[in-house]
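The values are calculated or read from the model by the stated rules, or taken from the named source; none is laboratory data. Here the structure is a predicted model, which is why all the values come from computation and not from measurement. Every residue, glycine as well, gets a Cβ built from its backbone with ideal geometry; the counts of neighbours run over all protein chains shown. To get the accessible areas, we keep the full protein, side chains included, count just its heavy atoms, and leave off ligands, DNA and RNA. Shrake-Rupley method; radii C 1.70, N 1.55, O 1.52, S 1.80 Å.
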Amino acid sequence: MTQDSVILSQTRVGVCTLTLNRPDKLNAANDELLLTLTTELRRAEADAAVRVVILTGAGRGFCAGQDLGDVSGRDMTFTEHLNHTYNPLIRTIRTLDKPVISAVNGVAAGAGASLALAGDIRLWAQSARLIEIFSNIALVPDSGSTWFLPRLVGYSRAFELMAFAERVDAETALKLGLCEHVFADETFMDDVQAYAERLAQRPANALKLTKQALGAALTSTLDEALDQEAALQQLAGDHWEHQEGVTAFKEKRAPDFVRAKD
Ligand code: T3D
């Protein structure tokens with residue numbers, strides 16, 4: 001476990017857990033937290049021992065968005081600040097060549113809601129809630145919320161959630177498709193770790209390329225997506241993982257995508 005004042009990092013069985021660590025403020029984000037988190041994500045990407053990354057929060061919150069105590073006297077405009085901190089973080093999550101799980105253990109508000117939505121997979125604790133809270137302080141949703149939310153729930157529902165800063169509980173989030181699974185609070189991080197370890201057994205190269213293909217397809221035409229699939233399939237097909245998958249099928253055994261080598 002590496003211990004930092006704002007981000008805790010621990011790697012176990014191929015799974016790196018990065019924990020936002022400002023529990024007294026529900027992990028509200030200051031610049032140090034945002035920049036350190038981005039650096040830690042890149043570190044996890046470069047570490048061959050890491051196959052899956054979990055983002056979660058210490059204490060009872062996931063992330064309460066921008067630390068509002070940290071704003072006055074700032075020597076950056078809003079635009080500069082977003083471009084310096086939140087936007088690189090969100091881009092890093094979405095382009096990381098490993099799956100990122102948002103493990104939403106508690107309230108996710110403002111940019112914290114964006115962070116909760118940014119993961120490739122979103123797992124929620126029963127008591128988690130998401131609030132597009134920006135309009136309460138007369139700001140525009142940022143850090144990707146305007147991109148993520150309408151794609152998940154449709155334009156008008158997204159607008160309503162943003163306009164009224166509605167609280168979305170876990171049951172509603174599951175119905176709306178804001179999360180894939182909800183786990184009991186008591187066993188949440190054990191359940192998330194077990195899920196992540198299962199994901200870590202899957203073929204890492206194929207998942208990296210799948211993430212790339214899905215990311216591109218979200219903004220492409222069908223023709224472009226077909227071309228992209230054809231190009232990426234070559235990279236997947238040439239990789240040892242593919243050989244292992246086919247061999248395992250023929251030998252009627254489970255494939256070993258972690259230890260098998262070319
Ligand atoms: O570049 C830019 O700056 C623009 C980017 C903007 C991105 C954004 O995220 S804007 C949105 C900022 N976030 C908020 O407006 C959320 C503010 N927080 C809340 O409304 C509530 O705390 C929650 C609804 C999230 C949770 O409510 P509750 O009742 O569960 O907890 P609480 O008692 O309000 O908070 C617990 C503590 O955390 C409390 O401190 P205290 O009184 O015990 O010492 C509270 O002040 C602190 N806290 C919560 N959120 C923030 C925070 N401190 C600083 N900044 C926060 N965002």
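Structure values in brief
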read-out: Flag if Leu117 is closer than 30 Å to His239 by Cα and among the aliphatic types (A, V, I, L, M); value: no
read-out: First in the range 119-135 and more than 24 Å from Thr95 (Cβ to Cβ) and of a type in the set (D, E, K, R), second anywhere and assigned to a strand (DSSP E or B) and more than 10 Å from the ligand (Cβ to nearest atom), Cβ under 8 Å, 6 or more apart; value: Arg129/Val168; Arg129/Asp169
read-out: Extreme residue, nearest to the ligand (Cβ to nearest atom), among residues of the range 142-194 that are in a loop (DSSP other than H, G, I, E, B) and on the phi < 0 side of the Ramachandran plot; value: Asp142
read-out: Which listed residue, of Leu33, Leu41, Leu8, is within 17 Å of Ser102 (Cβ to Cβ) and within 16 Å of the ligand (Cβ to nearest atom); value: Leu33
read-out: Output for the range 30-43, where each listed residue is in contact (Cβ under 8 Å) with a residue 40 or more places away in the chain and in a helix (DSSP H, G or I); value: Asp31, Leu34, Leu35, Leu37, Thr38, Leu41, Arg42
read-out: Failed item in (1) of a type in the set (A, V, I, L, M); (2) more than 18 Å from Ala118 (Cα to Cα); (3) part of a helix (DSSP H, G or I), with Leu207 passing the rest; value: (2)
read-out: Enumeration of residues in the range 68-113 that are within 13 Å of the chain's Cα centre (by Cα), assigned to a helix (DSSP H, G or I) and away from the ligand (no atom under 12 Å from the Cβ); value: Arg91, Thr92, Ile93, Arg94, Thr95
read-out: Enumeration of residues in the range 75-133 that are charged (D, E, K, R), over 13 Å from Leu178 (Cα atoms) and in contact with a strand residue (DSSP E or B) (Cβ under 7 Å, 6 or more places away or on another chain); value: Lys98
read-out: Qualifying position, being open to solvent by less than 50 Å² (accessible area, probe 1.4 Å) and either in contact with a Ser or Thr (Cβ under 9 Å, 6 or more places away or on another chain) or modelled with pLDDT under 95 (or both), among Leu176, Leu209, Leu232; value: Leu232
read-out: Counted residues, the range 160-187 - those being more than 19 Å from Ala64 (Cα to Cα) and either in contact (Cβ under 8 Å) with a residue 24 or more places away in the chain or outside the structural domain of Ala113 (by TED's automatic domain parsing) (or both); value: 8
read-out: Output for the range 114-141, where each listed residue is surrounded by fewer than 20 Cβ atoms within 10 Å (Cβ to Cβ) and assigned to a loop (DSSP other than H, G, I, E, B); value: Gln126, Ser127, Ala138, Leu139, Val140
read-out: Identity of the residue in the range 44-67, open to solvent by 30 Å² or more (accessible area, probe 1.4 Å) and in contact (Cβ under 8 Å) with a residue 12 or more places away in the chain, that ends up farthest from the ligand (Cβ to nearest atom); value: Ala49
read-out: Residue within the range 249-260 that is out of contact with any Cys (no Cβ under 9 Å at 6 or more places or on another chain), surrounded by 13 or more Cβ atoms within 10 Å (Cβ to Cβ) and part of a helix (DSSP H, G or I) present; value: no
read-out: Pairs, first closer than 19 Å to Glu180 by Cα in the range 143-159, second loosely packed, with under 14 Cβ neighbours inside 10 Å, C-beta under 6 Å, six or more apart; value: Leu152/Gly177
read-out: Filter result for Gln193 (polar (S, T, N, Q), open to solvent by 70 Å² or more (accessible area, probe 1.4 Å) and in contact (Cβ under 8 Å) with a residue 24 or more places away in the chain); value: no
